[in-house]
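*Asks:* The structure that follows is given in the form of structure tokens.
The values are calculated or read from the model by the stated rules, or taken from the named source; none is laboratory data. Small disclaimer: the values here were computed from a predicted structure and weren't measured. FYI the Cβ positions are ideal-geometry reconstructions off the backbone, even for glycines, and counts take in every protein chain you see. All accessible areas refer to the heavy atoms of the entire protein, side chains included, with ligands and DNA or RNA removed. Shrake-Rupley method; radii C 1.70, N 1.55, O 1.52, S 1.80 Å.
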Amino acid sequence: MFSPLIVIYLFLAGAGCGAFVAAVYLSWRARTVPGLAKPLGRIALPALVASCGMVAVGATCLLLDLGRPELALEVLLNPAGSVLSVGAWALVAFVGAAVLLIACNTKALRLGRGAVLAVKTAGCASAVVVMVYSGLFLSTIWTLPFLGSPLVPVLFVCSSLSCGGGVLLILPLVCDAPSGVLFRAVARVDAVLLVLEALALTALLLLAMTDPLSSAAAARLVTGDLAPVFWSALAVAGLAAPFVLELAFYRADARTSACIGILLLLGGFFLRYCLCVAPFMELISYL
């Protein structure tokens, strides 16, 4: 079974990588969207610190779950092309890129525009690899047929990007930055991500219900012992509510923006919780 540390790792790594990609996306959008540069200037450094910190804490949880940190070193030193090796090196590359951008933002390091662009590109590429790797690793566990679907990596990518947007929606309240334009820029993309995530999750459950080896896991989520968590925390609070609120508010204030961001993070956590718990027939509490 997956330990609570694995669930926390999957959540923090995904949300941290998503926040990095979202911040880079907004830095590109700020060139053409009037009024976006000011709030982005206030939250850019905190966003980078948050993304790097979340991934670092998540990786620590993964090491603690291993119980033997030297195993992680073996994976890094013996990259045999496995999913674990690719994911481990992607984590290292991501943290390195994030640290470089933090140093540039604090003026501790000066890089040319081309070098900064290269670091951003490398960081986004490694972030996407981490998002895909998390779902891909779960889908390759042959003893868990419920997770053995290409929809699982799709779910993780959509959820990670959405959680990253959630982190940025919280920061205007923390950093005392204007939230209206930033909220609109994030919400437009996030609403699409929420729809894609809901469609992928629905497809995963429908396909699982038709498979004798996966139907029990799907039933646990839809009608079984995990149904209260699935429907209330994931489907309603984590997907439906933020989607409706993002459509309802054109330019939300900082508190409303933060509340929506928290709902997105809540949905991201419980997506991973449900996927990690459902394949195991006994009820395990991670909370």
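*Asks:* Just give me the residues in region 186-196 being in contact (Cβ under 8 Å) with a residue 60 or more places away in the chain and either open to solvent by 10 Å² or more (accessible area, probe 1.4 Å) or not aliphatic (A, V, I, L, M) (or both), in sequence order.
*Replies:* The answer is Val186, Val189, Asp190.
*Asks:* Being within 18 Å of the chain's Cα centre (by Cα) and in a loop (DSSP other than H, G, I, E, B) is the filter here, so list the residues in region 148-163 that pass it.
*Replies:* Within region 148-163, just Pro150 meets the criteria.
*Asks:* Scan region 233-251 and give yes if some residue there is open to solvent by 40 Å² or more (accessible area, probe 1.4 Å), of a type outside the set (A, V, I, L, M) and over 25 Å from Gly166 (Cβ atoms), otherwise no.
*Replies:* no
*Asks:* Then there is this: For region 64-75, indicate whether the set of residues that are aliphatic (A, V, I, L, M) and either within 12 Å of Ala13 (Cβ to Cβ) or modelled with pLDDT of 95 or more (or both) is non-empty.
*Replies:* no
*Asks:* Can you pull out every residue in region 5-53 that is among the aliphatic types (A, V, I, L, M), over 15 Å from Ile102 (Cβ atoms), free of Cβ contacts under 8 Å to residues at least 60 places away in the same chain and part of a helix (DSSP H, G or I)?
*Replies:* Matches in region 5-53: Ile8, Leu12, Ala37.
*Asks:* Follow-up. Pick from Arg220, Arg188: which is under 15 Å from Phe270 (Cβ atoms), in a helix (DSSP H, G or I) and of a type in the set (Lys, Arg)?
*Replies:* Arg220
*Asks:* In this structure, is Thr121 at pLDDT below 85 and hydroxyl-bearing (Ser, Thr, Tyr)?
*Replies:* no
*Asks:* Say whether the condition of being touching a residue at least 60 places away in the same chain (Cβ under 8 Å), open to solvent by 10 Å² or more (accessible area, probe 1.4 Å), assigned to a loop (DSSP other than H, G, I, E, B) and of a type outside the set (Phe, Trp, Tyr) is met by at least one residue in region 164-172.
*Replies:* no
*Asks:* Within region 13-67, restricting attention to residues that are farther than 14 Å from Ala185 by Cα and of a type in the set (S, T, N, Q), which residue is surrounded by the most Cβ atoms within 10 Å (Cβ to Cβ)?
*Replies:* Ser51
*Asks:* Here's a check for you: in region 223-232, which residue that is not in a helix (DSSP H, G or I) and not hydroxyl-bearing (Ser, Thr, Tyr) is surrounded by the most Cβ atoms within 10 Å (Cβ to Cβ)?
*Replies:* Applying the filter and picking the extreme gives Leu226.
*Asks:* Whether any residue in region 252-269 is farther than 30 Å from Ile170 by Cα, at pLDDT 95 or above and open to solvent by 20 Å² or more (accessible area, probe 1.4 Å) is what I want to check.
*Replies:* No; the residues of region 252-269 include none that is farther than 30 Å from Ile170 by Cα, at pLDDT 95 or above and open to solvent by 20 Å² or more (accessible area, probe 1.4 Å).
*Asks:* Inside region 90-147, can you point out the residues that are at negative phi, assigned to a loop (DSSP other than H, G, I, E, B) and either basic (Lys, Arg) or in contact (Cβ under 8 Å) with a residue 24 or more places away in the chain (or both)?
*Replies:* Of everything in region 90-147, those that are at negative phi, assigned to a loop (DSSP other than H, G, I, E, B) and either basic (Lys, Arg) or in contact (Cβ under 8 Å) with a residue 24 or more places away in the chain (or both) turn out to be Thr106, Arg110, Thr140, Leu144.
*Asks:* For region 207-225, state whether one or more residues are more than 19 Å from Ser139 (Cβ to Cβ) and charged (D, E, K, R).
*Replies:* yes
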